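The values are calculated or read from the model by the stated rules, or taken from the named source; none is laboratory data. This is a predicted model, so every value here is computed, not measured. Please note: Cβ atoms are built from the backbone with ideal geometry, for glycine as well, and neighbour counts cover all protein chains shown. Surface areas here come from the heavy atoms of the whole protein model, side chains and all, with no ligands, DNA or RNA. Shrake-Rupley method; radii C 1.70, N 1.55, O 1.52, S 1.80 Å.
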Amino acid sequence: MFAITDAKEFFAKVKDDLAALEEKIDDSGRAMNCILSAYHLHEWVWAHLLKAKAPRTLGSVMINDKSSFVAWLETACPHFLV
């Protein structure tokens, strides 16, 4: 059975993937696992932490739906682009 059920557990997976990559930085498989996990973290945060509380503000930005959350991420996190 799939053991990851919420954003906190998925974040733990991201941290595990990063730790594995740091052990062998030249391993392309570990790099891809880390990149994909880190990228998809925003979907887990939206689904498990923010969606039920929308609308809400992050900083001074009103987050009404997933697209406004992604727009906020693109501004707040310059390295994040969908």
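Computed values, structure above
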read-out: Residue ID - least open to solvent (accessible area, probe 1.4 Å), chosen from residues in the range 9-18 that are free of Cβ contacts under 8 Å to residues at least 12 places away in the same chain and under 13 Å from VAL45 (Cα atoms); value: ALA12
read-out: Residue count, the range 33-81 (criterion: open to solvent by 70 Å² or more (accessible area, probe 1.4 Å), under 25 Å from ALA20 (Cα atoms) and β-branched (Val, Ile, Thr)); value: 1
read-out: Within the range 34-80, considering residues that are of a type outside the set (A, V, I, L, M, F, W, C) and closer than 13 Å to PHE11 by Cα, the one farthest from the chain's Cα centre (by Cα); value: HIS48
read-out: Filter result (surrounded by fewer than 16 Cβ atoms within 10 Å (Cβ to Cβ) and under 21 Å from GLU9 (Cβ atoms)) within the range 19-32; value: ALA19, ALA20, GLU22, MET32
read-out: First in the range 59-82 and more than 16 Å from VAL45 (Cβ to Cβ), second anywhere and in a loop (DSSP other than H, G, I, E, B), Cβ under 8 Å, 6 or more apart; value: MET62/PRO55
read-out: Test result for ASP17, at pLDDT 95 or above, of a type in the set (D, E, K, R) and not in a loop (DSSP other than H, G, I, E, B); value: yes
read-out: Selection count where residues are assigned to a helix (DSSP H, G or I) and either charged (D, E, K, R) or without any contact (Cβ under 8 Å) to a residue 40 or more places away in the chain (or both), scope the range 40-58; value: 11
read-out: Residue in the range 10-17 that is of a type in the set (Val, Ile, Thr) and in contact with a strand residue (DSSP E or B) (Cβ under 6 Å, 6 or more places away or on another chain) present; value: no
